[in-house]
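Q: Provided herewith is a single structure, encoded as structure tokens, for subsequent inquiry.
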Amino acid sequence: MAWQFALTRLCGAFALAGAVLLAHAADPGAPPTPVKPVTDRYGDVSVNDPYRWLEKAGDPRVKQWSAAQDKRTRAYFGKLPARQPMFDWLMKQASASSSAYYNLRATPGRLFALYNQPPRQQPMLAVLGQDADPAKARIVLDPNTLNPKGTTAIDWYVPSPTGKLVAVSMSENGSEDGSLHIVDVATGKEVDKVIPNVQYPTGGGSLAWREDGSGFWYTRYPAASEPAERQHFYQQIYYHRVGDDPAKDVYVLGKDFPRVAEIALDARPGAPGVIASVANGDGGEFAHYLIAGDGGIRQVTRFEDKVVAAALGPDGLYLISRQGAPRGKLLKLALDDLTLAKAQTIVPESDAALEPGGEFGAGNITLTKDAIYLREIVGGPSRVAIYGLDGKPRGQLQLPEVATVDEMTVMDDGSLLVAVKTYLEPPQFLRVDADSGRTKATALRQTSPVSFGDVEVVREFATSKDGTRVPLNIVRRKGLKLDGSAPLLLNGYGGYNVSLVPRFLGAATRLWLDAGGVYVIANLRGGGEFGETWHTQGALTNKQNVFDDFAASAQYLVDKGYTSKERMAAIGGSNGGLLMGAVFTQHPELFRAVVSTVGIYDMLRVELDPNGAFNVTEFGTVKNLEQFQALYAYSPYHHVQDGAKYPAIFMATGETDGRVNPMHSRKMVARLQAATGSGRPVLLSINAHAGHGMGSSLSIRVNQMADIYAFLFDQLGITSPLQ
């Protein structure tokens, strides 16, 4: 076929370039990297891979190469006079910040929360009263005392319905490989045997207690004794009775789920059962099951039904559906007949998109005794709409402009604690009166030593290659002159229906702004900022739209006089790291420097890893002809060109990353160091005690932030305000 002939010629050209020109135009000072070409065939297409050997993490040669790369990177930072003062200042600001409370869960008379208390390395679990007064908070579990090195982290927790016990998943070194501990809230002591294999990226982990607190349903992965190909897949639901041997726990559901199932369990007070929300990998398809208190199971929705969230209330089952409504509508089913075809639409689709909720789409529907609260998103900022249980509108919560709400917790008196975040103010919880709908401040608010009183956030729009308008959140000091001289840092993500919403920018951004910089967050396609259509336009074979959106955003900022290409940098992580790799290989002239953390770069082999298998419903697979073409067309590793004048590049990864294999960073750095013709450095930092970022200690996080900004200041020629 014609496409096969053309693509074969294209692939052959890349393979030839790699074989003939690899020795030319190297990054000065980079450790030598042997080239050991391997050729793969995809149908009639041959693809060359010069650094396949770097995929073997346990190989002593790979460890030596990694150590040499990290040594070179540490030597680079050791010579920068701004780097140590940055670390010291950032750690000082973190230590001077007040405790930050989040992930609230209420039980009768009690309120549980995770909270940071710098300079302690890890968040802790605390219990408060329903008055939410942090002055009365008591520590239930402190990982910092369990492991003084700060490498033990809480993945998640769920208190029992009475609040007497709490189930906690904990993992080591940022691995997210969690085991379950049952803790007595009064004493802080463990009261049951540890249950292993309850949490792992990307499938995560979840738990829901029986109403009487005698046991719980939980997610579990195959034991380490099972075949390797099953490890980290085939998540299933089991039931554990407190005090029993976990080896005797009862299988409940999941043997028929997809290999890449991601399960979230949701139990609510007064509701007759537990909702199991099952994601089909990371592409946004969900099925929902009702587990009744007597053990009966009923499937309510299937993947093709396009229901993305479900919540069980005492008077019905509420569902967010995108069937014929890409921005979402709210359905309601009677408890005595859970036939989806009989669902009533009580909130139709509107101009805003209903957020599906948390990572598994189970957290957006908040129910009180007489009201429904729904989080809606409009291009990035969010709002909260209020409805009666019959769907009649009751207005919206009063929130700051350009804000986001990501938690709503119902208290004993029917009031709500609502987490509000903005770019320029530390996060806070507001209490919403159930009767009047009015909000008032609570003591659950963070304070910061940095202030943004001289800063403003403006929303502007770039125009992408196909005419799509892309929102930009531009953070700048008031009175900024648009003469093209300001250094600018552009951030983006664009994937998995994940929206980049307002978050407090903190000390590092304050440092950047004080140096005259501008910080910009682009709301790219692939996210959920405008609903499912916005997501699908940046997924699977449409992924190139995300990169076009980002490139158009960069060009817009230059054209409007915010910066110049020599003064502009880009930053992204994970899927945002893929974004970085795709954009600087397609447009090496756009940026002077790029920071890319825990990124994905070899799109032809990503699905061979456990996490990559979960990504197939988002990215596609090389086994599908059309999807292979799309993957190969933008795969960053395969589009590095010898002699191209790439920007200065800093990549960072963690050895325990279970979400993105560190081999992507190793191979991409090796290829870039051999190819770049700009004379600018390509640096790799590898941390043995970090993973994808979740669970990293405070010192690791501050160290990486100091690295990032010292690198950017050096490469863009910025004088640090700390010097």
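The values are calculated or read from the model by the stated rules, or taken from the named source; none is laboratory data. Worth saying up front: this structure is predicted, and the values here are computed from it rather than measured. Because the Cβ atoms are built from the backbone with ideal geometry, glycine has one as well, and the counts that use them run over all protein chains shown.
Q: Taking Arg120, is it in contact (Cβ under 8 Å) with a residue 40 or more places away in the chain, farther than 22 Å from Met651 by Cβ and basic (Lys, Arg)?
A: Answer is yes for this residue.
Q: Across region 649-684, what is the total count of residues that are more than 25 Å from Gly203 (Cα to Cα) and not in a helix (DSSP H, G or I)?
A: The total comes to 12.
Q: Out of the residues in region 169-181 that are assigned to a strand (DSSP E or B) and touching a Pro at 6+ places or on another chain (Cβ under 9 Å), state the one that is surrounded by the most Cβ atoms within 10 Å (Cβ to Cβ).
A: The selected residue is Leu180.
Q: Which members of region 483-507 meet the condition of being in a helix (DSSP H, G or I) and either among the polar types (S, T, N, Q) or surrounded by fewer than 19 Cβ atoms within 10 Å (Cβ to Cβ) (or both)?
A: Gly506
Q: Something else now. So if I check each of Met124, Met91, which one is surrounded by 19 or more Cβ atoms within 10 Å (Cβ to Cβ) and under 22 Å from Phe711 (Cα atoms)?
A: Met91
Condition check ((1) among the small types (Gly, Ala, Ser); (2) assigned to a loop (DSSP other than H, G, I, E, B); (3) in contact with a Leu (Cβ under 6 Å, 6 or more places away or on another chain); (4) more than 27 Å from Leu90 (Cα to Cα)) across all residues:
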| site | (1), (2), (3), (4) |
| --- | --- |
| Val140 | no, no, yes, yes |
| Pro161 | no, yes, no, yes |
| Ala167 | yes, no, yes, yes |
| Ala186 | yes, yes, no, yes |
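Q: Kindly indicate the residue of region 662-697 that is surrounded by 20 or more Cβ atoms within 10 Å (Cβ to Cβ) and farther than 22 Å from Leu54 by Cα and also modelled with the highest pLDDT among those meeting that condition.
A: Among residues in region 662-697 that are surrounded by 20 or more Cβ atoms within 10 Å (Cβ to Cβ) and farther than 22 Å from Leu54 by Cα, the one modelled with the highest pLDDT is Ser697.
Q: Filtering region 188-215 down to residues that are acidic (Asp, Glu) and outside any strand (DSSP E or B), which residue is surrounded by the most Cβ atoms within 10 Å (Cβ to Cβ)?
A: It comes out as Asp192.
Q: Which condition breaks for Ala554 when tested against (1) part of a helix (DSSP H, G or I); (2) of a type in the set (A, V, I, L, M, F, W, C); (3) under 20 Å from the mean Cα position of the chain (by Cα)?
A: It is condition (3) that Ala554 fails.
Q: Need the failing condition index for Gly561 against (1) under 28 Å from Ala515 (Cα atoms); (2) out of contact with any strand residue (DSSP E or B) (no Cβ under 7 Å at 6 or more places or on another chain); (3) assigned to a helix (DSSP H, G or I), just the number.
A: The single condition Gly561 does not satisfy is (3).
Q: So, one more: Across region 38-78, what is the number of residues that are part of a helix (DSSP H, G or I), farther than 19 Å from Phe713 by Cβ and β-branched (Val, Ile, Thr)?
A: Total meeting the criteria: 1.
Q: If you don't mind, another one. Would you be able to say whether some residue in region 97-107 is in contact (Cβ under 8 Å) with a residue 40 or more places away in the chain, farther than 17 Å from Gln446 by Cα and in contact with a Leu (Cβ under 9 Å, 6 or more places away or on another chain)?
A: There is at least one residue in region 97-107 that is in contact (Cβ under 8 Å) with a residue 40 or more places away in the chain, farther than 17 Å from Gln446 by Cα and in contact with a Leu (Cβ under 9 Å, 6 or more places away or on another chain).
Q: Now, a different point. Go through region 177-221 and give me each residue that's of a type in the set (Val, Ile, Thr), farther than 23 Å from Asp282 by Cα and in contact with a Lys or Arg (Cβ under 9 Å, 6 or more places away or on another chain).
A: Once the filter is applied, which keeps residues that are of a type in the set (Val, Ile, Thr), farther than 23 Å from Asp282 by Cα and in contact with a Lys or Arg (Cβ under 9 Å, 6 or more places away or on another chain), region 177-221 yields Ile182, Val183, Val185, Ile195.
Listed here are the residues, each with its yes/no results for (1) assigned to a loop (DSSP other than H, G, I, E, B); (2) of a type outside the set (Gly, Ala, Ser); (3) at positive phi; (4) surrounded by 17 or more Cβ atoms within 10 Å (Cβ to Cβ).
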site: Trp217; (1), (2), (3), (4): no, yes, no, yes
site: Pro222; (1), (2), (3), (4): yes, yes, no, yes
site: Tyr239; (1), (2), (3), (4): no, yes, no, yes
site: Gly243; (1), (2), (3), (4): yes, no, yes, no
site: Tyr251; (1), (2), (3), (4): no, yes, no, no
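Q: Can you name the condition, by its number, that Lys71 falls short on among (1) without any contact (Cβ under 8 Å) to a residue 60 or more places away in the chain; (2) more than 21 Å from Leu683 (Cα to Cα)?
A: (2)
Q: Return the pairs, sorted by first residue and then second, in which the second residue is assigned to a strand (DSSP E or B), the first residue lies in region 507-525 and is farther than 16 Å from Val457 by Cα, the beta carbons are less than 8 Å apart, and the residues are 6+ apart or on different chains.
A: The qualifying pairs are Leu524/Val470; Arg525/Val470.
Q: Which ranges mark the strands (runs of 3 or more DSSP E) fully within region 429-479 that have 2 or more residues being over 21 Å from Leu500 (Cα atoms) and either over 25 Å from the mean Cα position of the chain (by Cα) or among the polar types (S, T, N, Q) (or both)?
A: 439-445
Q: Next up: Give the residues of region 600-629 that are buried (at least 21 other Cβ atoms within 10 Å of the Cβ), closer than 16 Å to Gly576 by Cα, of a type outside the set (A, V, I, L, M) and touching a helix residue (DSSP H, G or I) at 6+ places or on another chain (Cβ under 8 Å), sorted by residue number.
A: Result: Tyr601, Asp602, Gly612, Asn615, Phe619.
Q: Further question: Among residues belonging to region 393-445 that are of a type in the set (Ser, Thr, Tyr) and free of Cβ contacts under 8 Å to residues at least 24 places away in the same chain, point out the one that is nearest to Gly270 (Cα to Cα).
A: The extreme case among them is Ser415.
Q: Follow-up. Do you know which of the residues in region 611-648 that are outside any helix (DSSP H, G or I), in contact with an Asp or Glu (Cβ under 9 Å, 6 or more places away or on another chain) and not hydroxyl-bearing (Ser, Thr, Tyr) is nearest to Ala75 (Cα to Cα)?
A: In this case the residue turns out to be Ala648.
Q: Here's a follow-up. Return a yes/no flag: does region 576-593 have any residue that is at positive phi, part of a helix (DSSP H, G or I) and in contact (Cβ under 8 Å) with a residue 60 or more places away in the chain.
A: For region 576-593, residues at positive phi, part of a helix (DSSP H, G or I) and in contact (Cβ under 8 Å) with a residue 60 or more places away in the chain: absent.
Q: Can you confirm whether region 368-382 contains a residue that is polar (S, T, N, Q), assigned to a strand (DSSP E or B) and either touching a Pro at 6+ places or on another chain (Cβ under 9 Å) or buried (at least 23 other Cβ atoms within 10 Å of the Cβ) (or both)?
A: Yes, region 368-382 contains a residue that is polar (S, T, N, Q), assigned to a strand (DSSP E or B) and either touching a Pro at 6+ places or on another chain (Cβ under 9 Å) or buried (at least 23 other Cβ atoms within 10 Å of the Cβ) (or both).
Q: Which condition from (1) farther than 20 Å from Ala570 by Cα; (2) out of contact with any strand residue (DSSP E or B) (no Cβ under 6 Å at 6 or more places or on another chain) is the one that Pro662 breaks?
A: All conditions are met except number (2).
Q: Right, another one. Give me a count of the residues in region 702-718 that are at pLDDT below 95 and out of contact with any helix residue (DSSP H, G or I) (no Cβ under 7 Å at 6 or more places or on another chain).
A: Number satisfying all stated conditions: 1.
Q: Another one. With the structure loaded, tell me whether Ala247 is out of contact with any strand residue (DSSP E or B) (no Cβ under 9 Å at 6 or more places or on another chain), farther than 16 Å from His181 by Cβ and not in a loop (DSSP other than H, G, I, E, B) or whether it fails that test.
A: In short, yes.
Q: Please count how many residues of region 189-242 are in contact with a Pro (Cβ under 9 Å, 6 or more places away or on another chain), charged (D, E, K, R) and farther than 19 Å from Gly163 by Cβ.
A: Result for region 189-242: 3.
Q: For region 79-136, how many residues are in a strand (DSSP E or B) and closer than 26 Å to Gly270 by Cβ?
A: Matching residues across region 79-136 total 17.
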